[in-house]
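Worksheet: one structure, shown below.
The values are calculated or read from the model by the stated rules, or taken from the named source; none is laboratory data. Just so we're clear, the structure is a prediction, and the values are computed from it rather than from any experiment. Backbone-built Cβ (ideal geometry, glycine too); neighbour counts: all protein chains shown. Just the protein is used for accessible areas: all its heavy atoms, side chains included, with ligands, DNA and RNA removed. Shrake-Rupley method; radii C 1.70, N 1.55, O 1.52, S 1.80 Å.
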Amino acid sequence: MNVFKDIQSVRDQVASWKQAGLSIAFVPTMGNLHAGHLQLVAQAKQKADRVVVSIFVNPMQFNEVDDFSAYPRTFEGDVELLKEVSADALFAPSNDELYPTEQDLTTKVIVPGLSDVLEGEYRPGHFTGVATVVCKLFNIVQPDISCFGEKDFQQLMLIRRMVAELNSPVQIEAIATQREIDGLAMSSRNNRLDNQQREKAPQVFQVLTEIADLLKTGNKDYLALEQNATATLDSRGFKAEYVAIRRSSDLAMPSIEDRHLVVLVAARLGDIRLIDNISLSLNSD
Ligand code: PAF
């Protein structure tokens, strides 16, 4: 696996693969790779001839300086894992390579509406940082397809919207959330949970599953379901930021006729923020 640190060399590599008629899949990451990321690479390998992975801890998407500093950086181990799953290239630029202009002055990609709700409400500026870096990475790597995990459901929707509205010729593939045996969604932040927190953490998915079951039995009292779940999480030692039942196509508030729903949650355990979601389609009456 070739490791590229500068933009021109990864572009040259991709250009030579394309000249040889090969298709390119791209998996953007912030490193600290776990089985969820490796699954993205495995799926990408099935969808294209060559897979490029990027590792870049993007300062623009962190709204808390401490969260950015505490974000685990495990580059050497990540490289080994990527070799094991036979990724073809790794792009790991420095901050100066990707952002030669200082953050306040650089061009940004704003996806209105979607950027301001749920995650966007609790993490102002986060999605502008995500959209900007993903747009830049797409322009650099120029992949045919790019794989994103469903765990970051709102991020996936945002990228789909960005690609559609900027006419970017990249096909976005959604990959199912990878879970630990006890249901906890895999995340780089899980490494920071202490033993007690780690034991509690799967309750986030349990609460989501309970809501999904109630929705499937015909319960339409969305507000009560959200409030009860929030109270349940808070009583179990979490600090729930939101539990939200939304229409899965656009994250709008659902009407009682809507059949395709997603339940999203963000909750803190100590200073660690966990997010998860579950999608469901209800049978027509
Ligand atoms: O999901 C992530 O790891 C990041 O938000 C992404 C897509 C790599 C952009 O920095």
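A single member of 109, 79 is within 13 Å of the ligand (Cβ to nearest atom), β-branched (Val, Ile, Thr), surrounded by fewer than 20 Cβ atoms within 10 Å (Cβ to Cβ) and modelled with pLDDT of 95 or more, and it is 109.
Taking segment 140-258 and the strands (runs of 3 or more DSSP E) fully enclosed by it, the elements with 3 or more residues that are buried (at least 18 other Cβ atoms within 10 Å of the Cβ) and of a type outside the set (D, E, K, R) are at 145-149, 239-247.
Residue 285 meets all of the listed conditions (1) at pLDDT 95 or above; (2) more than 16 Å from residue 150 (Cα to Cα) but one, namely (1). Restricting the first member to segment 148-170 and to residues that are in contact (Cβ under 8 Å) with a residue 12 or more places away in the chain, and the second to residues that are open to solvent by 20 Å² or more (accessible area, probe 1.4 Å) and away from the ligand (no atom under 14 Å from the Cβ), the beta-carbon pairs closer than 6 Å and six or more apart or on different chains are 150/176.
Quick one: count up the residues across segment 38-71 that are touching a helix residue (DSSP H, G or I) at 6+ places or on another chain (Cβ under 8 Å) and either modelled with pLDDT under 95 or open to solvent by less than 50 Å² (accessible area, probe 1.4 Å) (or both).
Here the count works out to 18.
Out of 198, 192, one residue alone is over 15 Å from residue 28 (Cβ atoms), touching a strand residue (DSSP E or B) at 6+ places or on another chain (Cβ under 7 Å) and away from the ligand (no atom under 13 Å from the Cβ). It is 192. Any residue at all in segment 144-158 that is at pLDDT 95 or above and away from the ligand (no atom under 15 Å from the Cβ)? Yes, segment 144-158 contains a residue that is at pLDDT 95 or above and away from the ligand (no atom under 15 Å from the Cβ).
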